[in-house]
Amino acid sequence: MNTIRHAFLFVSLFALIASATAQEATKQTPRFSNTGLKVSIGTTSLSMIDERKIQEGEGGVLSLGYGFSDRFSLWLSVLGSQHPQLNNEEKNTEFGGIELNIQHKFQSNSRLQPYGKVGVGLYGLGEKDSGIQLVGGGVNIGIGVDYFFSRHFGIGAETTYKKLDYVQQIISSANGEIVRDLSPNLNGDAVAFSLSLTIQ
């Protein structure tokens, strides 16, 4: 009788453990396609340090990413924006750059996915059609959130702080280019706010 009771208890315990394990496995199965290739396209609004004497500008961002785990992704982004000058709104200053960032998702298995990111970039700034451009580099750090309305499609919002310095001035003319080192470097710090559509 004791053997039957022990066998029954053992089977019941095994069934409970198996059921709990199956439920946990179901919970851990990703609802969204966070690994592999992904692409993001968006609009950006960018404000620069007052020393640059240009107004807030609008532009775009195109990013190609690769998720190498459920939470971590590597992103390569190309961005650009145009900024009216403070003293002459008819003249536009153009800003552009290329960035490499690593992104960490704090929550990866829900529709709402907050994240943080950090990276480096190369940037250029110059008055449109002037032939004069400032070039430099820096680091950026951002926080954002994506909302996935299906397994592969989502929309997002992000705020990024860019700590950068312009280190060279390039003057282009019919006779070629003149490159001049800037000493001291010029501060190019900027803050960007972006809205995006992501396919993954």
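Residues of segment 56-76 being hydrophobic (A, V, I, L, M, F, W, C) and more than 15 Å from the chain's Cα centre (by Cα), which ones? Let's see the steps before the verdict.
Restricting attention to segment 56-76, the residues satisfying the condition of being hydrophobic (A, V, I, L, M, F, W, C) are 61-62, 64, 68, 72, 74-76.
Of everything in segment 56-76, just one residue is hydrophobic (A, V, I, L, M, F, W, C) and more than 15 Å from the chain's Cα centre (by Cα), namely 68.
Of all residues in segment 113-147, count the ones that are touching a residue at least 24 places away in the same chain (Cβ under 8 Å) and more than 16 Å from the chain's Cα centre (by Cα).
Counting residues in segment 113-147 that are touching a residue at least 24 places away in the same chain (Cβ under 8 Å) and more than 16 Å from the chain's Cα centre (by Cα) gives 12.
For (1) in contact (Cβ under 8 Å) with a residue 12 or more places away in the chain; (2) assigned to a strand (DSSP E or B); (3) crowded, with 16+ Cβ neighbours inside 10 Å, each residue gets a yes or a no:
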residue	(1), (2), (3)
58	yes, yes, no
64	yes, yes, no
70	yes, no, no
77	yes, yes, yes
80	yes, yes, yes
84	yes, yes, no
93	yes, yes, yes
98	yes, yes, no
101	yes, yes, yes
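Residue-by-condition table, conditions (1) in contact with a strand residue (DSSP E or B) (Cβ under 6 Å, 6 or more places away or on another chain); (2) within 22 Å of residue 155 (Cβ to Cβ); (3) assigned by TED's automatic domain parsing to the domain that holds residue 145:
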{"residue": "45", "(1), (2), (3)": "yes, yes, yes"}
{"residue": "59", "(1), (2), (3)": "yes, yes, yes"}
{"residue": "75", "(1), (2), (3)": "yes, yes, yes"}
{"residue": "79", "(1), (2), (3)": "yes, yes, yes"}
{"residue": "82", "(1), (2), (3)": "yes, no, yes"}
{"residue": "86", "(1), (2), (3)": "no, no, yes"}
{"residue": "92", "(1), (2), (3)": "yes, no, yes"}
{"residue": "95", "(1), (2), (3)": "yes, no, yes"}
{"residue": "103", "(1), (2), (3)": "yes, yes, yes"}
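Which one of these is at negative phi and in a loop (DSSP other than H, G, I, E, B): 183, 194, 150, 172? Walk me through how you get there before you give the answer.
Numbers: 183 fails: in a loop (DSSP other than H, G, I, E, B); 194 fails: in a loop (DSSP other than H, G, I, E, B); 172 fails: in a loop (DSSP other than H, G, I, E, B).
Going through 183, 194, 150, 172 in turn, the sole match is 150.
Looking at the structure I just gave you, is residue 121 in contact with a Ser or Thr (Cβ under 9 Å, 6 or more places away or on another chain), over 16 Å from residue 71 (Cα atoms) and modelled with pLDDT of 95 or more? Walk me through it before giving the result.
Working: in contact with a Ser or Thr (Cβ under 9 Å, 6 or more places away or on another chain): yes; over 16 Å from residue 71 (Cα atoms): yes; modelled with pLDDT of 95 or more: yes.
Taking the combined requirement at face value, the residue satisfies it.
Identify all residues within segment 105-129 that are part of a loop (DSSP other than H, G, I, E, B) and either outside the structural domain of residue 69 (by TED's automatic domain parsing) or within 22 Å of residue 80 (Cα to Cα) (or both); write none if there are none. Spell out how you get there, then give the answer.
If we filter segment 105-129 for residues that are part of a loop (DSSP other than H, G, I, E, B), which is where we start, we get 106-111, 128-129.
The answer is 128, 129.
If I filter segment 23-32 for residues that are exposed (fewer than 14 other Cβ atoms within 10 Å of the Cβ), aliphatic (A, V, I, L, M) and modelled with pLDDT under 90, do I get at least one hit? Step through it out loud before you land on a result.
So the first thing to find is which residues in segment 23-32 are exposed (fewer than 14 other Cβ atoms within 10 Å of the Cβ), and the list is 23-31.
Narrowing the set further to residues that are aliphatic (A, V, I, L, M) leaves 25.
Filter again for modelled with pLDDT under 90, leaving 25.
Yes, segment 23-32 has at least one match.
Looking at segment 82-103, which of its residues are modelled with pLDDT of 95 or more and either more than 16 Å from residue 136 (Cβ to Cβ) or in contact with a Cys (Cβ under 7 Å, 6 or more places away or on another chain) (or both)?
Answer for segment 82-103, where residues must be modelled with pLDDT of 95 or more and either more than 16 Å from residue 136 (Cβ to Cβ) or in contact with a Cys (Cβ under 7 Å, 6 or more places away or on another chain) (or both): 101, 102, 103.
In segment 35-54, is there at least one residue being closer than 22 Å to residue 134 by Cβ, outside any strand (DSSP E or B), modelled with pLDDT under 90 and hydrophobic (A, V, I, L, M, F, W, C)? Outline the logic, then answer.
Looking only at segment 35-54, we keep the residues that are closer than 22 Å to residue 134 by Cβ, and these are 44-54.
Retained after the next criterion (residues that are outside any strand (DSSP E or B)): 49-53.
From the residues that got through so far, the ones that are modelled with pLDDT under 90 too are 49-53.
Imposing the further condition that a residue be hydrophobic (A, V, I, L, M, F, W, C) reduces the set to 49.
The answer is yes; a qualifying residue exists.
Could you check residue 53 against (1) among the basic types (Lys, Arg); (2) under 30 Å from residue 111 (Cβ atoms); (3) more than 17 Å from the chain's Cα centre (by Cα) and say which number it fails?
(2)
Results for (1) within 20 Å of residue 65 (Cα to Cα); (2) in contact with a His (Cβ under 9 Å, 6 or more places away or on another chain); (3) at pLDDT below 90; (4) not assigned by TED's automatic domain parsing to the domain that holds residue 62, shown as yes or no for each residue.
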position: 144; (1), (2), (3), (4): yes, no, no, no
position: 155; (1), (2), (3), (4): yes, no, no, no
position: 168; (1), (2), (3), (4): no, no, no, no
position: 177; (1), (2), (3), (4): no, no, yes, no
position: 183; (1), (2), (3), (4): no, no, yes, no
position: 195; (1), (2), (3), (4): yes, no, no, no
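The values are calculated or read from the model by the stated rules, or taken from the named source; none is laboratory data. A quick note: this is a predicted structure, and the numbers were derived from the prediction, not measured. With ideal geometry, Cβ positions are generated from the backbone for all residues, glycine too; neighbour counts draw on all protein chains shown.
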